[in-house]
């Protein structure tokens, strides 16, 4: 496109800035103008928690590109601290107010790109606007948090929300010496994970001295009066009261509850909003108005696994959407393929990563044609020093083995494996492709059978019938018997009619715990003790992490027993039990 079109972009950061730069690479003739109501056009908002925590000490490092760089390198006009107050689609104009002068001006456009982002959720509760209560979305936000901690001598922090930003803020505040409490309304941290995968996250936070309160929402905030006559008492801080009535004294509150798409301008202009609350766009990021495109955290797009429309506030998809919008405006054949929610988070030395669908999202979409397997391999070979376990869950379509999603938690090599599986999902690969994947191997980096290969092998064994899994109903019944209250309330069942639970670990391993009513026969003794097992009942086999259980299942099935595997072994069972108890 070499027409002298005027293209206006509302909002910078990932989507808008990416769109502007791509537009210039495609057209030297276009006049490109970016408006942002903040003081910066392109900054690394993912780095804000680390600036608060002094990991990033120089604020300037957060600036990806300045207005001057856009002007000098790309010939793009950038107006920061300019708020777009209205769009007139019929006239193809926008009204912009300069925040410093208060002056308003109307700008015409041939094409308009909306990249307004998302705003932090601030629930309408008493005290939410008190001094010392912060959200974290911009550089000035992080600067205010830093200044408050320093100037007030803050010693205690309450983080409301246990998702990505909540965990990163908890880590960085703890690194600054504050006593941190994380308050999460859900029954688990990292609600995007399936519940049993979140247990190591809570354990790590608590091991590092963070107080974790699950299943409790924030009810109100207030500032109690200082006690009369208290000796050397610090200035009164904040008091956070939860929905359970518990009171938490704190000096600073970080709201990390989530974000909502900024759709006000679009709504006022009559642009269609989708069912999930984001701006509706087609595959070229065009809105319901043929001259307006939208990108980033404010739009809803298609989940490539479930087909559902959803809003996903992640920088990677926003940048790609900006590129697609630029190409579409310039007349190129292009499309955004959709999202698959690939994300990673680090907290206290733990890496949490995911891609594709979770069981929860599959359930919401009404998808039941799937299986899942668990494994706990080392991130590299065990004989090389420093091997760390990766707790990995792989979800795949039962009918054809297509990979649907994966979640992993561990200290090393986690994101590498999820990245591989993310590409497998993008290419429509199956578990057989994971088994065949040729990946890097050296002792300090992996194994000849990489965790990705192992996940593929295990899922292949499920697919071809070599290792049938225990039915979900059976797992649920075993879990229920592990909770005394649930077991007492459940209708009586004939123990002889239940599946036999077979533990093939060594006796010393059982000291840490054993499944309800399980029979322990170590794997090395099993072949000689087959006569002790019933042939008229299902046998659910487990070990510590799954491998010996698989060996036992193969042995038993070839000897005529209906043996099924409890995927992931006792380690996964313990996580499932904990998740059940927290519900």
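Values as computed for the structure displayed
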item	result
Segment 21-53 and segment 360-433: distance between their alpha carbon centers, rounded to Å	34 Å
Segment 349-463, relative contact order [Cα under 8 Å, separation at least 6], %	29 percent
The chain pair-distance distribution - Cα-Cα, 20 Å bins, rounded %	18, 45, 29, 7, 0
For segment 304-423, diffusion coefficient by Stokes-Einstein and Kirkwood Rh (Cα), 37 °C, 0.692 mPa s, µm²/s	204 µm²/s
Percent RCO, i.e. relative contact order, over segment 472-582, from Cα pairs under 8 Å lying at least 6 residues apart	25 percent
Cα-based shape type of segment 423-568, given that a ≥ b ≥ c are square roots of the gyration tensor eigenvalues and the cut on a/c is 1.5	prolate
Packing-based ranking, highest mean first, of 433-442, 174-183 given that Cβ atoms within 10 Å are counted	174-183, 433-442
Rg/Rg_globular for segment 123-278, with Rg_globular taken as 2.2 N^0.38 Å and Rg from C-alpha atoms	1.15
Largest-first principal axis extents of the Cα set of segment 365-454 (Å)	44, 22, 16
Rounded tilt (10° steps) of 315-329 against the dominant C-alpha axis of the chain	50 degrees
Relative exposure of 150, 115, 567, 276, judged by other C-beta atoms within 10 Å (fewest first)	150, 276, 567, 115
Ranked list, fewest to most other Cβ atoms within 10 Å of each Cβ, for 573, 550	550, 573
Sorted peptide list for 238-251, 192-205, criterion being average Cβ within 10 angstrom, highest first	192-205, 238-251
Ranked list, fewest to most other Cβ atoms within 10 Å of each Cβ, for 66, 358	66, 358
Rounded tilt (10° steps) of 451-463 against the dominant C-alpha axis of the chain	60 degrees
Taking the chain and dividing mean pair separation by its residue count, relative contact order in percent (alpha carbons under 8 Å, at least six apart)	11 percent
Bridge type composition, the chain - antiparallel percent by DSSP, nearest 5	55 percent
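No lab work stands behind these numbers, since they all come straight from the coordinates. Everything quoted here is computed from the prediction, not taken from an experiment. As a convention, Cβ positions derive from the backbone with ideal geometry for all residues, glycine included, and neighbour counts pool all protein chains shown.
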